[in-house]
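Trainee: First the structure, then my questions, so here it is.
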Amino acid sequence: MDLLLDGFATALSPTNLLFAVLGVLLGTAVGVLPGIGPAMTVALLLPVTYSVPAESALIMFAGIYYGGMYGGSTTSILLNTPGESSSVITALEGNKMAKTGRAAQALATAAIGSFVAGTIGTVLLILLAPTVGPLVVTLGAPSYFAIMLLALVSVTVVLGSSKLRGFIALFLGLAIGLVGMSSGQPRMTFGFAELSDGIEIVVVAVAIFALGEALWVAAHLRRTPLEIIPVGRPWMSRSDWSRSWKPWLRGTALGFPFGALPAGGAELPTFLSYVTERRLSKHPEEFGKGAIEGVAGPEAANNASAAGTLLPMLALGLPTTATAAVILVAFESYGLQPGPQFMTQNEQLVWALLASLFVANTLLLVLNLPLAPVWAKLLRIPRPYLYAGILFFATLGAYSASTSPFDLGLLLVLGVLGFAMRRFAIPVLPLIIGVILGPRLEEELSEALDISRGDYSTLWGEPAAIICYLVMTLIVASLVAARIRSLRRAPRTSDTEKDEVHT
Amino acid sequence: MSITLNPRRTRPTRRGLRKVLVTISVVSLATLTACGVTSDGGDAGGDLSDQRLRMMIPNAAGGGYDLTGRAAVKVMEDENLADRFEVSNVEGASGTVAMQRLLNEEGSDDLLMTMGLGVIGAVYTNQSDATVDKAIPIARLIEEQEAILVPADSPFTTVNDFVEAWKADPDKLIIGGGSAPGGPDHLFPMQLADAVGVTPSDVAYVEYDGGGPLTTALLGSKIDVGMSGLGEFAGQIEDGSLRVLAVSGAERLDTADAPTLTEEGIDLVFTNWRGVLAPPGIDDATVDAYIAAFEEMHDTQAWKDVLEENGWSDNFATGDEFDEFLTEQNDRVRTTLTDLGLA
C-alpha cells in the first residue's frame with residue numbers, strides 16, 4: 001500500500017501530471033482518427049525517451065494507450081466511423097443511439113464504462129500480476145483455437161432475422177479474411193503486394209459502416225424527406241444508469257482476461273460482450289435500434305483489455321499488443337529489462353506507472369464526460385455536410401494508415417460492398433465478425449497443427465480447449481432444445497415467422 | 001546524449017532557402033566533379049548538409065528497420081551531415097511494397113530507403129519482381145546475430161545436442177521463429193539445416209508474429225527451439241527462463257554467454273543486417289555524396305552511442321563491398337527459398 005501511495009506521489013507531481021494530460025489528449029486524438037493508432041503514436045514519440053525521465057515518458061505512453069481505447073468510441077458513436085478495431089462493435093448500437101438523439105447518453109456510458117473498467121482492470125492488474133503472470137503462457141494454440149471457435153458459435157445469436165442473409169454476410173467476412181500471405185505464399189492477393197498483409201479490420205469497418213451508409217443516404221437524398229436528428233437530453237437518465245452498470249461489469253470481466261492472454265486481444269471481448277448483452281437484455285427488441293447495453297458492455301471490455309495487456313508485459317516482459325510492444329521498446333531504451341524480475345527490481349517505477357493508470361483514467365473521465373453533450377451537437381449539422389465530413393474523415397484515416405493510394409481504392413471498393421449490403425438488407429455485423437475471427441481462427445489452427453505435425457488430436461489436448469468444446473456443446477444443445485420446444489408449442493408462430501422472412 | 005545546437009535556426013525564409021539550396025547544390029556538385037570524391041569530406045560535413053531528403057522505412061514505426069533508419073537520420077541531422085530528412089513508413093508485405101515504390105521512383109535524387117535481409121526474402125515470397133539488385137546500394141550499417149534459444153528445462157545443453165537430435169528426426173523438433181517465411185528467423189534455421197546435413201524442407205518451422213508470441217511459446221514449452229535475434233529476450237535470458245545454445249555471428253556477443261556456431265564446429269556465419277539503398281537511375285555524384293555522408297555518420301561518437309544503446313553490432317560497408325555483399329545475399333536467399341518452393 002505504501003508503495004502505491006509513493007506511486008501516486010510520483011504520478012501526481014506537476015511534471016508527470018502534465019505528461020499524463022498530454023498523453024490522454026494525444027491518445028484521444030489518435031483514437032478518433034481511423035488509421036492512426038496508439039501503437040504508431042507511441043512509436044513516433046519514442047525519441048522523447050532520450051530527453052525525458054523514465055517515469056514521465058512511461059506515464060505519457062500509458063495515457064496514450066488508455067486514451068486511444070477511449071477515443072475510438074467517439075467517432076464510432078457519432079459518425080459510424082470506428083477509429084480503432086476495438087471500437088468497431090461500439091458503432092453498431094452507438095451510432096443508432098446517436099441517430100435517435102441519444103448521442104450524449106451513448107458517449108457518457110462509453111466514458112463512464114471505460115473509467116469503471118479501466119479502474120477495476122488496474123486494480124486486478126496490481127493484485128494479479130505477481131501471481132498469475134506465469135500461468136498465461138500455459139495456454140497454447142489449441143486452447144486459443146477452441147476459444148475462437150466458441151466465439152464463432154455464439155455468432156448464431158446475431159445472424160439477424162434471415163439466417164440466409166446472416167450466413168451470406170458471415171461468409172463474405174470470412175472471405176475478406178482469407179486475403180493475405182499464408183505459409184509464405186500469397187493468397188487471394190490478385191498480384192497486389194499491398195494485399196499480402198491482409199485487409200485491416202478498420203478499413204473494412206470504416207468502408208462498410210461509414211462509406212456504405214454515406215452512399216446509401218446519397219442515393220436516397222432526393223426521395224426521402226430530411227429527417228432532423230432530435231436533440232435529446234444532455235445527460236444519462238436513471239434508467240440509462242440502471243441499464244448500464246451491469247454491462248460495464250460484465251464487459252470488464254470479459255475484457256481483462258482476454259487482454260491478459262497473450263493471444264487474446266481487444267476485439268474479441270468487445271464482440272463477446274455485445275453478444276452477451278444482447279442475450280441477457282430485458283429489451284432485446286432495442287438491439288439493432290440503439291440499445292445502451294450494446295455500447296456500455298463493449299466499451300468497458302476494450303478498456304479492461306488494455307489494462308489486462310499490461311499484466312503479461314509487467315510480469316513476464318511479454319507484449320501482447322502492438323502498443324505494448326512499442327512501450328517495451330521504450331523500457332529497453334531506458335536500460336530497463338521487463339521480465340519476471342522487473343517488478344521487484346524497479347518497484348518505484350512500476351508503482352508510479354500503475355498509479356498513473358488511475359490518474360489517466362480519471363483524467364479521461366473528467367475531460368470527456370462534459371464534452372459528450374457538446375460532441376452530440378455535431379449531429380445537427382445538415383446531412384449533406386455531415387456526410388461529406390464523414391467521407392473526408394474516413395478517407396483521411398484510410399490514407400494516413402500507410403499513405404498509400406491503394407488503400408483509398410480498397411476503401412471505395414468495400415464501400416460499394418457496404419452499399420450493396422444495405423440495398424439487399426444483408427446485416428453487417430456477421431461480416432465484421434468474420435473478418436475479425438476468420439484469420440485468427442486460421443492462424444491458431446495452423447500453429448496448432450504445425451506443432452503437432454498434422455495430428456488433429458492436439459486440438460483437444462489442452463484442458464482449456466476441452467472446457468470450450470463442452471460449453472459449445474451445451475450452447476448448441478440448448479439452441480436445438482429451445483427450437484424443438486418452440487416448434488412443438490406453437491407451430492403456427494414459427495410458420496408466420498418464416499413467411500415474414502421471405503417477404 | 002548531448003544536445004546539439006541547431007545551426008540552421010538562423011536560416012532565411014522558405015522561399016529564400018530554395019534559392020540558396022539550388023545555388024548550393026549546383027556549387028557543391030561542381031565542386032564534386034572538379035575534385036572527385038573526398039571521403040574525408042572536410043569540416044563542412046559532406047555534400048548533403050543543405051539538402052532535404054526522404055527516408056523510406058519498409059515496416060511499421062517501432063520495428064527494426066524503423067529504429068535503425070530513424071537513428072541514422074537523427075545522427076545525420078544532429079551532426080549537420082544532411083539538412084532534414086522526411087521519414088515515412090511504407091508498410092506492406094514485409095517490405096515488398098516499399099521496395100516497389102523505391103524502384104518506381106527511378107532517378108529521384110532525394111530518396112533513400114532503409115532495408116535489410118528480411119526485405120530480400122519478402123520480395124521473393126511475394127513473387128514480386130522488385131528485387132533488391134535493381135536498386136543502388138549505399139551502405140550496410142549494422143548487423144544483429146541470430147540466437148538458438150531453448151526453454152530452461154530443455155534437454156539440450158549444447159548446440160550439438162540439438163543438432164544430433166535434429167539429424168536423427170527433424171520432424172520431431174519444432175523450430176519457432178519470429179518472422180514469416182523469407183524473413184531472417186526463417187532463413188537462419190533453413191541455412192543451419194543445410195549446414196548440418198538436414199534437408200531444409202524437412203524442418204518443422206512454426207512462424208510467430210514477432211518476438212513476443214515467440215517468447216510466449218518458448219516459455220510455455222510449446223515449441224522445442226526458438227531462433228531469433230537476441231534483443232527481445234534479454235529479460236528472460238537474464239533470469240534463466242530461457243537459455244542460449246549458440247549465436248550465429250563470427251564472434252561471440254557480450255550480451256550472451258554462448259559460443260558461436262563455428263566454435264562448435266558448424267560451418268555457418270549468419271547475421272541479420274540492415275542497410276540503405278537508393279533508387280536506380282541517379283547519377284554517380286549523388287551516390288558518392290550519399291556514401292560520403294554515411295561514412296561521416298559512421299565515424300561520429302553519436303552513432304557509436306546509438307549502436308551501444310540498441311545492442312547492434314557495427315558492420316559498416318559501402319560502395320563495391322556492400323554491392324558484392326548484397327548480390328551474394330540475394331543469390332543465397334533466392335537459392336534457399338527456391339529449394340523450399342517458396343520463390
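Trainee: So what is the diffusion coefficient of the stretch B:145-270 in µm² per second by Stokes-Einstein at 25 °C and 0.890 mPa s, using a Kirkwood Rh over Cα pairs?
Mentor: Translational D for this selection: 174 µm²/s.
Trainee: Taking the Cβ of each residue in B:HIS186, B:HIS298 as the centre, tally the other Cβ atoms inside 10 Å and list the residues starting with the fewest.
Mentor: B:HIS298, B:HIS186
Trainee: Still on this structure, please answer the following. How long, wide and thick is the protein assembly as shown, going by the Cα atoms along their three principal axes, in whole angstroms, largest first?
Mentor: 92, 71, 60
Trainee: Explain nothing, just compute: Karplus ³J(HN,Hα) = 6.51 cos²θ - 1.76 cosθ + 1.60, θ = phi - 60°, for every residue of the stretch A:164-176 in order, whole Hz, x for Gly and Pro.
Mentor: In residue order, the calculated couplings are 4, 5, x, 5, 4, 5, 4, 6, 4, x, 4, 5, 4 Hz.
Trainee: May I ask you to derive the FRET efficiency for B:THR300 and B:ASP169 from their Cβ-Cβ distance with R0 = 45 Å, giving the value to the nearest 0.05? Walk me through the intermediate numbers first.
Mentor: Values: r = 51 Å, r/R0 = 1.14.
Plugging the Cβ-Cβ distance into 1/(1 + (r/R0)^6) gives 0.30.
Trainee: Based on Cβ point charges of +1 for Lys and Arg and -1 for Asp and Glu, what charge dipole magnitude is obtained for the stretch B:145-270 about its Cα centre, in debye rounded to the nearest 20?
Mentor: It works out to roughly 180 debye.
Trainee: Could you work out how far apart the two model spin labels at B:ASP209 and B:ASN160 are, taking each label as a point 7 Å from the Cα in the direction of the beta carbon, and quote it in nm?
Mentor: Placing both labels 7 Å along Cα→Cβ, they lie 4.1 nm apart.
Trainee: While we're looking at this one, here's another question. I'd like the distance separating the alpha-carbon centroids of the stretch A:1-52 and the stretch A:423-470, in whole Å.
Mentor: 35 Å
Trainee: Out of residues 5 or more away from B:ILE282 or on other chains, whose amide H comes under 5 Å of its own, with H placed 1.01 Å from N in the peptide plane?
Mentor: Hits under the 5 Å cutoff: B:GLY107.
Trainee: Of B:LYS74/B:LYS304; A:LYS96/A:LYS377; B:LYS167/B:LYS222; A:LYS99/A:LYS289; A:LYS96/A:LYS163; B:LYS172/B:LYS222, which pairs sit farther than 18 Å apart, going by alpha carbon to alpha carbon?
Mentor: Details: B:LYS74/B:LYS304 13 Å; A:LYS96/A:LYS377 15 Å; B:LYS167/B:LYS222 21 Å; A:LYS99/A:LYS289 9 Å; A:LYS96/A:LYS163 22 Å; B:LYS172/B:LYS222 13 Å.
In this structure, B:LYS167/B:LYS222; A:LYS96/A:LYS163 exceed 18 Å between Cα atoms.
Trainee: Using the Kirkwood radius over Cα pairs, work out the Stokes-Einstein diffusion coefficient for chain A at 10 °C and 1.306 mPa s, in µm²/s as a whole number.
Mentor: On the way: Rh = 23.4 Å.
Rounded, D is 68 µm²/s.
Trainee: Also: Under a crude label model (7 Å from the Cα following the beta-carbon direction), how far is B:ASN104 from B:ALA195 in nanometres?
Mentor: With each label placed 7 Å out from Cα toward Cβ, I get 3.8 nm.
Trainee: Quick check of the Kirkwood formula: for the stretch B:163-226, what is the inverse mean of 1/r over all pairs of different Cα atoms, in Å?
Mentor: The answer is 11.7 Å.
Trainee: Give me A:ARG102, A:ARG278, A:ARG423 ranked fewest to most by other Cβ atoms within 10 Å of their Cβ, as a rough exposure proxy.
Mentor: A:ARG423, A:ARG278, A:ARG102
Trainee: Moving on. Return the sequence-ordered ³J(HN,Hα) values of the stretch B:175-181 in whole Hz as given by the Karplus equation 6.51 cos²θ - 1.76 cosθ + 1.60 applied to θ = phi - 60°, using x for Gly and Pro.
Mentor: Result, ordered by residue: 9, x, x, x, 9, 5, x Hz.
Trainee: Here's something else I'd like to know. Using R₀ = 41 Å, calculate the FRET efficiency as 1/(1 + (r/R₀)^6) where r is the Cβ-Cβ separation of A:TYR399 and B:GLU309; round to 0.05.
Mentor: Calculated value: 0.75.
Trainee: For the stretch A:104-171, rounded, prolate or oblate, judged on the Cα gyration tensor with a ≥ b ≥ c (square roots of eigenvalues), a/c < 1.5 rounded, else prolate if a/b > b/c?
Mentor: Oblate, because a/c is 1.5 or more while a/b does not exceed b/c.
Trainee: Follow-up question, since we're still on this one. Relative to the Cα centre, what is the charge dipole magnitude of the stretch A:2-461, using +1 at the beta carbon of each Lys and Arg, -1 at the beta carbon of each Asp and Glu, and rounding to the nearest 20 debye? Show your work: numbers first, answer last.
Mentor: Values: 24 positive and 26 negative charges, 417 e Å.
Using Cβ point charges on Lys, Arg, Asp and Glu, the stretch A:2-461 gives about 2000 debye.
Trainee: A further question on this structure: Using the alpha-carbon centroid of each, what span in Å lies between the stretch B:48-108 and the stretch A:251-306?
Mentor: So the two Cα centres are separated by 41 Å.
Trainee: Over the protein assembly as shown, what is the percentage of antiparallel beta bridges among all DSSP beta bridges, to the nearest 5?
Mentor: Numbers: 28 of 46 bridges.
About 60 percent, rounded to the nearest 5.
Trainee: Tell me, what HN-Hα J-couplings in whole Hz come from the Karplus equation 6.51 cos²θ - 1.76 cosθ + 1.60 at θ = phi - 60° for each residue of the stretch A:480-486, using x for Gly and Pro?
Mentor: These are the phi-based 3J(HN,Hα) values: 4, 4, 5, 5, 4, 4, 5 Hz.
Trainee: Further, regarding this structure: I need the semi-axes of the equivalent ellipsoid of the stretch B:193-340: take the C-alpha gyration tensor, multiply each eigenvalue by 5, square-root it, list largest first in whole angstrom.
Mentor: Gyration-tensor ellipsoid for the stretch B:193-340: 32, 22, 15 Å.
Trainee: Filter the GluC sites (Glu not before Pro) in the stretch A:260-296 to those in DSSP coil with at most 16 other Cβ atoms within 10 Å of their Cβ, and list the result.
Mentor: Nothing satisfies the criteria.
Trainee: Once amide H atoms are built 1.01 Å from N in the peptide plane, which residues 5 or more positions from B:ALA139, or in another chain, come under 5 Å H to H?
Mentor: Amide H to amide H, under 5 Å and 5 or more residues apart or across chains, B:ALA139 pairs with B:VAL276.
Trainee: Projecting each Cα onto the charge dipole of chain B (Lys/Arg +1, Asp/Glu -1 at the beta carbon, about the Cα centre), which of B:ASN104, B:TRP273, B:ALA343 comes out farthest on the positive side?
Mentor: Highest projection toward the positive end goes to B:ASN104.
Trainee: Another question about this same structure. Could you list which residues have their amide H under 5 Å from that of B:ASP50, counting only those 5 or more apart in sequence or on another chain, with H placed in the peptide plane?
Mentor: Hits under the 5 Å cutoff: B:ASP83.
Trainee: From the residues B:VAL90, A:ILE292, A:ALA205, which one has its Cα farthest along the dipole of the protein assembly as shown in the positive direction, the dipole being from +1 and -1 charges on Cβ of Lys/Arg and Asp/Glu about the Cα centre?
Mentor: It is A:ILE292, whose Cα lies furthest towards the positive end.
Trainee: Okay, next question. Based on DSSP, what percent of beta bridges with both residues in chain B are antiparallel, to the nearest 5?
Mentor: Antiparallel bridges make up about 60 percent of those DSSP assigns within chain B.
Trainee: May I ask you to list the aspartates and glutamates whose Cα is less than 13 Å away from that of A:LYS246, ignoring any residue fewer than eight positions away on the same chain?
Mentor: Result set, ordered by chain and number: A:GLU277, A:GLU293, A:GLU299.
Trainee: Please state, as a whole number in µm²/s, the translational diffusion coefficient that the Stokes-Einstein equation yields for chain B at 10 °C and 1.306 mPa s, with Rh defined as the Kirkwood radius across alpha carbon pairs.
Mentor: Details: Rh = 21.3 Å.
Once the numbers are plugged in, D ends up at 75 µm²/s.
Trainee: Toward the positive end of the charge dipole of the protein assembly as shown, about the Cα centre and with charges on Cβ (Lys, Arg +1; Asp, Glu -1), which of A:VAL413, A:ALA54, B:LEU307 goes farthest?
Mentor: Going by the Cα projections, it comes out as A:VAL413.
Trainee: Is there a simple number for the mean count of other chain Cβ atoms within 10 Å of the Cβ of residues in B:62-73, and what is it? Mind showing how you got there, number by number?
Mentor: Values: counts 14, 5, 0, 0, 5, 4, 0, 0, 4, 1, 0, 0.
What the average comes to for B:62-73 is 3.
Trainee: Please get the size of the charge dipole for the protein assembly as shown, origin at its Cα centre, with Cβ charges of +1 on Lys and Arg and -1 on Asp and Glu, quoted in debye to the nearest 20.
Mentor: 6320 debye
Trainee: Then there's this: Only bridges whose two residues both fall in the stretch B:145-270 count here: according to DSSP, what percent of them are antiparallel, nearest 5?
Mentor: Approximately 55 percent, going by the DSSP bridge assignments.
Trainee: A follow-up question, please. Calculate the mean, over all residues of peptide A:262-272, of how many other protein chain Cβ atoms lie within 10 angstrom of the residue's Cβ.
Mentor: 1
Trainee: In nm, to one decimal, how far is the A:TRP460 label point from the B:GLU86 one, both placed 7 Å along Cα→Cβ?
Mentor: Between A:TRP460 and B:GLU86, the label points sit 6.0 nm apart.
Trainee: Between the alpha-carbon centers of the stretch B:165-212 and the stretch A:61-107, tell me the distance in whole angstrom.
Mentor: Here the two parts' Cα centres lie 43 Å apart.
Quick note: the coordinates plus some simple rules give every number you see, no bench work behind them. Quick caveat, the model's predicted, so the values are computed rather than measured. Note that each Cβ is placed from the backbone with ideal geometry, even for glycine, and that neighbours are counted across all protein chains shown.
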